[in-house]
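Everything below concerns the one structure shown next.
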Amino acid sequence: SPPQKLVFNRVNGKRPPLLLQQYSAPEECYTLAHEENVRFVYEAWQQVEQQLDGSRSGESACGPVQYVEKTPNPGLKNFVPIDLEEWWAQQFLAKIENCT
């Protein structure tokens with residue numbers, strides 16, 4: 001059987017307010033501009049996902065359109081997309097293991 005995925009659920013789909021020190025590793029430094037950029041992209045993507053969900057359920061006639069290639073590139077036949085949630089979970093667990 002495949003290994004279980006580690007899933008991080010957010011309360012009400014929102015991130016809790018984070019302090020800079022909570023998620024900064026000693027060798028990493030996040031500026032306020034970085035946090036603002038991340039927040040902007042995250043919130044914009046959440047809006048796109050909500051609009052996509054609404055258009056799938058027939059709530060709106062217009063909105064974002066999901067691109068689907070009609071004639072796939074044969075060179076990408078064996079392409080396997082990365083599972084970012086799984087990758088982040090592995091990075092998170094690796095940092096915990098290295099700290100102990």
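If the chain linking residue 46 and residue 68 were pulled fully straight, counting 0.36 nm for each residue of separation and taking away their Cα-Cα distance, it would gain 5.9 nm. Stretching the chain fully between residue 37 and residue 88 yields a gain of 16.5 nm (0.36 nm per residue, less the alpha carbon separation).
No value in this document is a laboratory result; all are computed from the given coordinates. Just so you know, these numbers come straight off a predicted model, no measurement behind them.
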